[in-house]
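Only one structure is covered here, and it is reproduced in the block below.
The values are calculated or read from the model by the stated rules, or taken from the named source; none is laboratory data. Source: prediction; values computed, not measured. Methodologically, a virtual Cβ is constructed for each residue, glycine included, from the backbone with ideal geometry; neighbour enumeration extends over all protein chains shown. The area values use the complete protein model at the heavy-atom level, side chains included, leaving out ligands, DNA and RNA. Shrake-Rupley method; radii C 1.70, N 1.55, O 1.52, S 1.80 Å.
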Amino acid sequence: MFRSKQEELFWDLYKCKTEQEIDKLIRQRPDLFHQSNWRPLGGNRNYFGVVESQQSNPVAALVEKLTNSIDAVLMRKCEEHGINPKSRIAPRTINDAVQTFFPQRNNWDLRDPRSEQARSIQVLADGSRSNTSIVVYDDGIGQHPKDFEHTFLSLLRGNKRNIPFVQGKYNMGGTGAIVFCGKKRYQLIASKRYDGTGDFGFTLIRERPRHDEEYDEGSEYQYLLIDDEIPAFDIDELDLGLHRRRFHTGTIIKLYSYDVHGNRHFIRDMSPSLNQYLFEPALPYAVVESERRYQRPDGGNSLVNYGLRRRLGNSEFLEASFPETIRDRRYGMVNVTVYVFKPRAGNRSSAATKERLRSLFFKNNRQVVFTVGGQVHGHYTAEFITRSLKMSLLRDYLLIHVDCTGMKPAFRKRLFKADRERMNQSEEASELRKKLAAMLKGGQLQEIFKQRKERLTFDSADDNDLLKQIGKHLPFQKELHDLLNQTLKLDQKGQQAKRPQPPKPAPEPEPFAGKRYPSFFNIDVKKRGDTPVIIIPQGSAKTVTFNSDVEDKYFDRSKDPGGLELGVMSYTPNNEKGGDKPGTVNDISDIFSVVVRSPKKGNIRVVLEPTEDVQVGDEVEMRADLLSSAEPSGSMPIRFWVKIAEPQGKPLPKPKSEQKEDNLRLPKLTRVYQQLADDKSDTATWEKLDEAGISMDHGVIMHPDVTEATELQTIFVNMDSKVLRKYRSGNLSEEKRGLIDRQNAMSVYYHTLFLYLINARRKYAISQQNGSDNYADIDLTDYLKDLFNSNYADFLLSFDNSALLDALE
């Protein structure tokens, strides 16, 4: 029996599994749901624009609910410690709050402690797979019923603006999920204050029915009152179907008939999607599916999510990962972590590996993610890898995490929109993009890319000779030559320029055995007396190498990570030369833009680039500390000087008579076979390409290898495709088979070449429909591969040029 009408109403609402059931309930109870009991959300009928201009993706909108739950739990912990969250003694960052309020956090690497903590925040799927409702629960700070209209039901009040350790600031992000709640926008909110004071209050949000003609300009979002008050009743605990938890205090929100965006299997599909938006959440949370919806093979119906970063650290797909740090006067500190995946993981082919990587890590086409406090605020697609980094071979095997938490707030504000989903097209965004590209192209990632490229070096002298012969007879008119001139290296006669031979493999160096904690730390530069001195020309950057014996994962390992700290001891400008007083510089970024690279075989590289204020003759005394949590070492300091020298002059241009004409060249033609041809170890095979991440089978015709955004370096032609095998089947002579092979190779090569050139020159943007209204951007190389795989190569082999000429004649 229910003790009050309010309690009965709550259970009637909560037990509804879909918006259709809510609709039915409202029709059955006109005494409770008549129009006079509804109020405009935010106290303003015109706030529909605020509600509807939030996240464009239902997963991103759901993440805002989880973010609010994390904020609520941190705020509760703060108040339980007797600290006002808005006071000066409150933690200043999310990380500080977790360290202060969760001393057990170091145990969250273990399954049981992590699972226990995750029960504090849960996201549960209810209803059927075709009509899913979602419940979001937290045992956070909670609200009194009298405060609902100033918290849950308000907009733009900035309730958490003065709380430094939370994500939500604008008091509107939580409303973004409303527009994804079916067609009627039903959302149930219920809460009780964490200290047990006050009743358990609840209300229902909806979009005002369209049949009401009184207000028909735009939407109006409303919430329910009973007798002009938030309905409430007293509770000790409630069984709300949570995972191994009864509700005592906190908040619970039910989103009816939510658009799960194709994630019908909630645990299997929604968990990776949530991880990609909550890259590194402050707290773990549980993803739960009602038992009647889905039963996992191990008998469970829940999964703990703790962000994509932690999944990456233990992934079988990971080949290498390393952090790099940027510190700059303009934007502060940016921590970048690069994750490079294996071309093939386990027994999977490169194609299967690529597909699995996309489902686990790139499901939303986000390969460069920008986070603040662990939540993704913006992203780049693979376009950054192909165009800015010019590493197309790594396009499907690279994830870059850019942590902007330490960035200066004013600069960060210019990067991201308030919906935390998109990036601004601002000067700051363009500047950061260029800085990221320059940093990544000069470090370990470039070395990995070169190693991948070396796997694709094959001898094809015969094909090169054939290209030269055909090139001599091509009718190169000026317009056609100009087209080639923009992207390829081809001389005026159509002959291919000589290519440098790949270097012979160097002997394998002895393996480096890095230590967990350093035993030494020094700097690899010349010394002036006992003090190392670094000379940096004005307007240039200098890479400084520090030597130690720490392991490569020293900076980013999960337990006891180390670090490198750089500081300015004194600064002597040129006009004060001879002084020995400490300068007034408090931040190294006032003098240098700094990039710190992760250790690699004992070498820690630091890039120092003087700011525009630094003048020739300035001297800076600096200190580098290799930080360690091990005792007794603690840290290892080094002092050194940096002197700013005259800028380097640009080399004078050679006289025209001495300059050689910049010859253009055709891309290389490489034939690829299913197996080794004639026992030649340098033959390109499917297996060798697969090892480099390029999948090839009977259904693939060719693969264009693009080293830069506009340079086509190699065209790999599959000599064992099903199309070619069909045309050389039967009782054919070896001569005839060889002729068909050459015709196929040349036709595919030149058609690929000119199709690529024309599309690249005209700068076409290609997209493919993957849903009724959704289009995905398609890379030009993928487009050409798909074009040839879709009967185009069959057409080239079967098309008889002589027959066409005879018909026209």
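When I400 is tested against (1) surrounded by fewer than 19 Cβ atoms within 10 Å (Cβ to Cβ); (2) in contact with a Ser or Thr (Cβ under 9 Å, 6 or more places away or on another chain); (3) closer than 30 Å to T93 by Cα; (4) modelled with pLDDT of 90 or more, exactly one condition is not met: (1).
Okay, residues lined up against (1) in contact with a Ser or Thr (Cβ under 8 Å, 6 or more places away or on another chain); (2) open to solvent by less than 20 Å² (accessible area, probe 1.4 Å); (3) under 17 Å from N791 (Cα atoms):
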site: M702; (1), (2), (3): yes, yes, yes
site: Q713; (1), (2), (3): yes, no, no
site: V717; (1), (2), (3): yes, yes, yes
site: S729; (1), (2), (3): no, no, no
site: F754; (1), (2), (3): no, no, no
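Any idea which residue in the range 683-737 is farthest from A345 (Cα to Cα), counting only those that are in contact with a strand residue (DSSP E or B) (Cβ under 8 Å, 6 or more places away or on another chain) and in a helix (DSSP H, G or I)? Result: L724. Taking the criterion of being free of Cβ contacts under 8 Å to residues at least 24 places away in the same chain and assigned to a helix (DSSP H, G or I), the residues of the range 81-105 that qualify are Q99, T100, P103, Q104, R105. Each residue in the range 415-446 was checked for being among the aliphatic types (A, V, I, L, M), under 16 Å from the mean Cα position of the chain (by Cα) and not in a helix (DSSP H, G or I), and 2 pass. Could you tell me whether the range 131-140 includes any residue that is open to solvent by less than 30 Å² (accessible area, probe 1.4 Å), farther than 21 Å from F266 by Cβ and of a type in the set (F, W, Y)? No, that holds for no residue.
Looking at the range 1-20, I want the residues that are at pLDDT below 95 and have a partner that is acidic (D, E) and part of a helix (DSSP H, G or I) with Cβ atoms under 7 Å, at least 6 apart or on another chain. Which pairs are those? Pairs that qualify, where the first residue is at pLDDT below 95 and the partner is acidic (D, E) and part of a helix (DSSP H, G or I), are F2/E8.
Applying the criterion of being touching a strand residue (DSSP E or B) at 6+ places or on another chain (Cβ under 7 Å) and closer than 17 Å to K184 by Cα to the residues of the range 1-18, the residue that is surrounded by the most Cβ atoms within 10 Å (Cβ to Cβ) is L13.
Among the residues of the range 519-560, the one identified as touching a Lys or Arg at 6+ places or on another chain (Cβ under 9 Å) and free of Cβ contacts under 8 Å to residues at least 24 places away in the same chain is R557.
Name the one entry in S790, S772 that is within 25 Å of F362 (Cβ to Cβ), at pLDDT below 85, open to solvent by 50 Å² or more (accessible area, probe 1.4 Å) and in a helix (DSSP H, G or I). Before you say what the answer is, go through the steps one by one.
Values: S772 fails: in a helix (DSSP H, G or I).
Testing whether each residue is within 25 Å of F362 (Cβ to Cβ), at pLDDT below 85, open to solvent by 50 Å² or more (accessible area, probe 1.4 Å) and in a helix (DSSP H, G or I) leaves just S790.
Test L283 against the stated conditions and say whether it is over 18 Å from Q143 (Cβ atoms) and either part of a strand (DSSP E or B) or open to solvent by less than 50 Å² (accessible area, probe 1.4 Å) (or both). So L283 fits the description; yes. Sub-7 Å Cβ pairs linking a first residue in the range 367-383 that is open to solvent by 10 Å² or more (accessible area, probe 1.4 Å) to a second residue that is of a type in the set (D, E) and in a strand (DSSP E or B), at least 6 apart or interchain, are T381/D777, ordered by first then second residue.
Which residue out of R246, R292 is modelled with pLDDT under 90, closer than 28 Å to F200 by Cβ and open to solvent by 30 Å² or more (accessible area, probe 1.4 Å)?
R292
Of the residues making up the range 40-50, none is within 23 Å of N162 (Cα to Cα), within 32 Å of the chain's Cα centre (by Cα) and either buried (at least 21 other Cβ atoms within 10 Å of the Cβ) or at pLDDT 90 or above (or both). Checked against (1) under 29 Å from the mean Cα position of the chain (by Cα); (2) modelled with pLDDT of 95 or more; (3) open to solvent by 20 Å² or more (accessible area, probe 1.4 Å), Y194 passes all but a single condition, namely (1). Across the range 530-576, the number of residues qualifying as of a type in the set (A, V, I, L, M, F, W, C) and over 27 Å from T611 (Cα atoms) comes to 1.
Quick one: which of K363, K408 is open to solvent by 50 Å² or more (accessible area, probe 1.4 Å) and more than 30 Å from H243 (Cα to Cα)? Please lay out each step first, then the result.
Details: K363 fails: more than 30 Å from H243 (Cα to Cα).
Residue meeting the stated conditions: K408.
The single condition from (1) open to solvent by less than 10 Å² (accessible area, probe 1.4 Å); (2) at pLDDT below 90 that L156 fails is (1). Does Q35 satisfy being modelled with pLDDT under 95 and crowded, with 21+ Cβ neighbours inside 10 Å? In short, no.
Can you find a residue that is in contact with a helix residue (DSSP H, G or I) (Cβ under 9 Å, 6 or more places away or on another chain), modelled with pLDDT of 80 or more and either surrounded by fewer than 22 Cβ atoms within 10 Å (Cβ to Cβ) or within 30 Å of E619 (Cβ to Cβ) (or both) anywhere in the range 654-664?
Residues of the range 654-664 that are in contact with a helix residue (DSSP H, G or I) (Cβ under 9 Å, 6 or more places away or on another chain), as a first pass: 664.
So of that shortlist, the ones also modelled with pLDDT of 80 or more come out as none.
Looking for residues that are in contact with a helix residue (DSSP H, G or I) (Cβ under 9 Å, 6 or more places away or on another chain), modelled with pLDDT of 80 or more and either surrounded by fewer than 22 Cβ atoms within 10 Å (Cβ to Cβ) or within 30 Å of E619 (Cβ to Cβ) (or both), one finds none in the range 654-664, hence no.
Out of R414, R422, R387, report the one residue that is modelled with pLDDT of 90 or more and charged (D, E, K, R).
Details: R422 fails: modelled with pLDDT of 90 or more; R387 fails: modelled with pLDDT of 90 or more.
So the residue among R414, R422, R387 that is modelled with pLDDT of 90 or more and charged (D, E, K, R) is R414.
Evaluate the following for I470: is it open to solvent by less than 30 Å² (accessible area, probe 1.4 Å), within 30 Å of I694 (Cα to Cα) and modelled with pLDDT of 55 or more? Give the derivation first.
Values: open to solvent by less than 30 Å² (accessible area, probe 1.4 Å): no; within 30 Å of I694 (Cα to Cα): yes; modelled with pLDDT of 55 or more: yes.
The answer is no for I470.
Exactly one residue out of K413, K354, K363 is among the basic types (K, R), out of contact with any helix residue (DSSP H, G or I) (no Cβ under 6 Å at 6 or more places or on another chain) and touching a residue at least 12 places away in the same chain (Cβ under 8 Å), and it is K354.
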